[in-house]
Amino acid sequence: MHETKNRVPQTGHPENDSEYAGLQVNAGVAQPSSVNPYLSRMRKHRQVLFTVDEYVEGILKGDVTRLSQAVTLVESTLPEHQALAQEVIAKCLPYSGNSVRVGISGVPGAGKSTSIDAFGVHLLNRYGGKLAVLAIDPSSEKTKGSILGDKTRMEKLAVHPKSFIRPSPTAGSLGGVARKTRETIILCEAAGYNHVFVETVGVGQSETACHSMVDFFLLIQLAGTGDELQGIKRGIMEIADGIVINKADGDNVDRARLAASHFRNALHLFPVPDSGLVPEVLCYSGFYDLGIDEVLQMIFRYIDHVKENGYFQFRRNEQAKYWMYESINEQLRNGFYFNPTIRSLIGPTEKQVLGGEVTSFVAAKRLIDRYYEEIKN
């Protein structure tokens, strides 16, 4: 009896033994691998690079897929990708510059993405053309990751055939992503997008970076969130070409109008901008599509005015000069930090500073002097 119980039948299941009459256990189905079998094929597909002419040809034809692939090259940190991207940008440059670039900023929760969705759909339906939305998404300082979820709030634009939405992570380098956003603008303009919206993270230096690449800088504010004049202290109102108060609907209409009057009074404290136009202050509701056309008309009135008095081209020339110097600074900085000798010396020098053996300024001068010696040799 003991031998019968321990005897394992050929099927591999003891329950199928003759003593368990009426009970049968099937062999079962082999479990599939937890790894996607097509993953390696997908990775190989992503790594396919086209020639410069193929990228440019696709972009000029308005091929959204080829445009997206070119933008990915621009955002890549690989040297070979960067070299290819710069060639593509150089060939697309003659076809750029024919759009109206609008920067949109505001504090988190001001409704930037919802407003862009409303502005964009209204713009395309009434004025025609094509719209590119470039959203700069802040990255986590700890994980360096980004949600890149702005597109989910642009439900109508996301499915519009004449729109192109591209979120980009800051990845800890605001200046770097701003430069890449400017290069992406060139590619979008070459692809036929005559309207470009640039959405910033709405904190700190991002507004200045955005202002240096757009023709009109729109600041979105909220009413009923405290002192409406706090914006003056941050200096952001000095670079705004227009201010709009969002969520002017329901019981919040009176508060929005009061906030708008406060901002108008505050703007009189500033000198007249170089454009010759004092920024307008309007109220609207992005969620309920109220006052959207008035905001767009304000933007186009400004563009017509600055084109007529010559400030439009002057501002673009100043921006081109600004980004030339920014590119020089970035390349000098990268050349320093990626130098093999400097990389080997930074760690020990940092320990000397932390140990109190040398001051921060002396340590920096030693590293820079060593870098210059490396260049000479």
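Taken over the stretch 108-137, the criterion of being within 18 Å of Phe300 (Cα to Cα), touching a Gly at 6+ places or on another chain (Cβ under 9 Å) and among the aliphatic types (A, V, I, L, M) is satisfied by Ile116, Ala118, Leu123, Leu131, Val133. Whenever a residue of the stretch 291-319 is closer than 10 Å to Asp215 by Cα, its partners that are assigned to a helix (DSSP H, G or I) and aliphatic (A, V, I, L, M), lying with C-beta atoms within less than 9 angstrom and at least six residues away or across chains, give the pairs Phe312/Ile303; Phe312/Val306; Gln313/Val306; Arg315/Val306.
Give me the residue from the stretch 82-111 that is among the hydrophobic types (A, V, I, L, M, F, W, C) and assigned to a helix (DSSP H, G or I) and, out of that set, nearest to Gln319 (Cα to Cα). Applying the filter and picking the extreme gives Leu93. Taking the stretch 249-290 as the region of interest, how many residues are closer than 15 Å to Ile220 by Cβ and aliphatic (A, V, I, L, M)? Matching residues across the stretch 249-290 total 6.
For the stretch 265-287, the set of residues classified as within 26 Å of the chain's Cα centre (by Cα), more than 15 Å from Ile104 (Cα to Cα) and aromatic (Phe, Trp, Tyr) consists of Phe287 only.
Evaluation of Phe287 against the conditions (1) surrounded by 11 or more Cβ atoms within 10 Å (Cβ to Cβ); (2) aromatic (Phe, Trp, Tyr); (3) assigned to a helix (DSSP H, G or I) shows that the sole unmet condition is (3). Determine, yes or no, whether Ser105 is modelled with pLDDT of 90 or more, within 30 Å of Ala223 (Cα to Cα), touching a Phe, Trp or Tyr at 6+ places or on another chain (Cβ under 9 Å) and hydroxyl-bearing (Ser, Thr, Tyr). Judged against the criteria, Ser105 is not a match. Entry remark, the stretch 50-81: residues being surrounded by 13 or more Cβ atoms within 10 Å (Cβ to Cβ) and assigned to a loop (DSSP other than H, G, I, E, B) number 4 in total. Out of curiosity, is Leu290 of a type in the set (A, V, I, L, M, F, W, C), more than 26 Å from the chain's Cα centre (by Cα) and modelled with pLDDT of 90 or more? Spelling it out, Leu290 is indeed of a type in the set (A, V, I, L, M, F, W, C), more than 26 Å from the chain's Cα centre (by Cα) and modelled with pLDDT of 90 or more.
Scanning the stretch 226-252 for residues that are modelled with pLDDT under 85 and under 22 Å from Tyr284 (Cα atoms) yields Gly226, Asp227, Glu228, Leu229, Gln230, Gly231, Ile232, Ile236, Met237, Glu238. Of the set (1) assigned to a loop (DSSP other than H, G, I, E, B); (2) surrounded by fewer than 16 Cβ atoms within 10 Å (Cβ to Cβ); (3) assigned by TED's automatic domain parsing to the domain that holds Tyr127, all apply to Ser275 but (2).
The values are calculated or read from the model by the stated rules, or taken from the named source; none is laboratory data. The model shown is predicted, which means the values in this text are computed figures rather than measured ones. Every residue, glycine among them, receives a Cβ derived from its backbone with ideal geometry; neighbour counts consider all protein chains shown.
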